[in-house]
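Engineer: Starting off with a structure, shown below.
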């Protein structure tokens, strides 16, 4: 399934270099995984929009929830004893 850009995603500054998949997988200097890439957040937010039946008016809510969901997925799993 090909997802089209959500018409209500927050502004994207295309002058800044895009994050690569390699950059997303890297750890930040603090040892915490890097934030999810913007395209991952946009895709997740758009999926939420589609699942809600393309109902407008929730773009910021979708975006923030997508960030939360993806950041949780990017957290390292603690080693099992």
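Engineer: Are any residues in segment 59-81 touching a residue at least 24 places away in the same chain (Cβ under 8 Å) and touching a helix residue (DSSP H, G or I) at 6+ places or on another chain (Cβ under 7 Å), and if so, which ones?
Structural biologist: Answer for segment 59-81, where residues must be touching a residue at least 24 places away in the same chain (Cβ under 8 Å) and touching a helix residue (DSSP H, G or I) at 6+ places or on another chain (Cβ under 7 Å): 62, 63, 66, 67, 69, 70.
Engineer: Sticking with this one: Among helices (runs of 4 or more DSSP H) lying entirely in the chain, which contain 3 or more residues that are modelled with pLDDT under 90?
Structural biologist: 21-25, 59-74
The values are calculated or read from the model by the stated rules, or taken from the named source; none is laboratory data. Note that the structure is predicted; figures quoted are calculated from it, not measured. Reconstructed Cβ throughout: ideal geometry from the backbone, glycine too, with neighbour counts over all protein chains shown.
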